[in-house]
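As structure tokens, the structure follows; a few thoughts come after it.
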Amino acid sequence: MATTYTERTGVTAATTGSIADAAGGIAVIVLSIIGLGRATPGPLMSIAVIVLGAAFLAEGGAVIGEYTQLLNRTVGAVADSGAGMMMELMIGAAILVLGILGLIGVAPAILAPVAVIVAGALLLVSAPVMMQLVEIRRVLEGTAEPAQSLLRASASGVSGMQILAGLAAIVLGILDLTGATIGAGALTLVALLILGAALTFNGTALTGSVYKIFSR
């Protein structure tokens with residue numbers, strides 16, 4: 001008998017990934033702020049990139065479990081979403097590697113901006129995937145109409161934040177990479193600050209919505 005998708009499974013996977021988002025985002029924000037106050041922020045910038053990559057990895061890994069359960073109920077849409085999360089795992093790993101290389105001294109002034117550009121692109125691509133998954137979860141659970149409206153509004157807000165943060169990170173990363181700087185790595189640190197804020201907002205908003213809807 002095939003394993004079915006349950007409320008407990010959905011809540012556990014979604015909240016685990018969201019908590020990882022929030023924790024990683026806060027760490028990136030703190031590291032970025034400290035780095036902005038230093039004349040040579042290279043090491044902190046690379047560490048922030050590593051934390052960012054780890055946060056994407058944690059989110060992707062946690063939510064993959066939910067998608068596996070959803071695949072037993074529906075195929076097409078969830079398969080597309082699962083592919084999106086596999087992409088998040090791979091890109092998260094790539095960002096992590098870029099941060100490690102920068103930390104050991106391999107062109108940190110180049111690899112850090114590249115990492116934030118890649119992270120910004122990931123946010124842009126993953127925003128519609130997350131919206132799709134929220135809709136699938138809503139349909140499978142038969143959520144009441146008031147809860148559906150709350151879940152849609154929360155997912156829409158998170159998606160919009162992801163898109164704006166992704167665009168800002170891409171622009172700032174490109175400017176820093178092309179030499180239009182206001183200080184060594186300053187624009188990349190600002191981009192990391194924005195990405196960290198987006199991750200924190202994403203994690204706290206979705207975790208709160210899931211608990212409010214499904215823990216009743």
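Points worth noting:
- Filter pass, Pro128 being modelled with pLDDT of 70 or more, open to solvent by 50 Å² or more (accessible area, probe 1.4 Å), more than 26 Å from Pro43 (Cα to Cα) and not aliphatic (A, V, I, L, M): yes
- Failed condition for Gly92, given (1) at pLDDT below 75; (2) within 26 Å of Ala186 (Cα to Cα): (1)
- Residue that is modelled with the lowest pLDDT, among those in the range 98-117 that are part of a helix (DSSP H, G or I) and open to solvent by 50 Å² or more (accessible area, probe 1.4 Å): Ala109
The values are calculated or read from the model by the stated rules, or taken from the named source; none is laboratory data. Because the structure is predicted, anything quoted here is derived from the model rather than measured. Heavy atoms of the whole protein, side chains included, go into the accessibility calculation; ligands, DNA and RNA do not. Shrake-Rupley method; radii C 1.70, N 1.55, O 1.52, S 1.80 Å.
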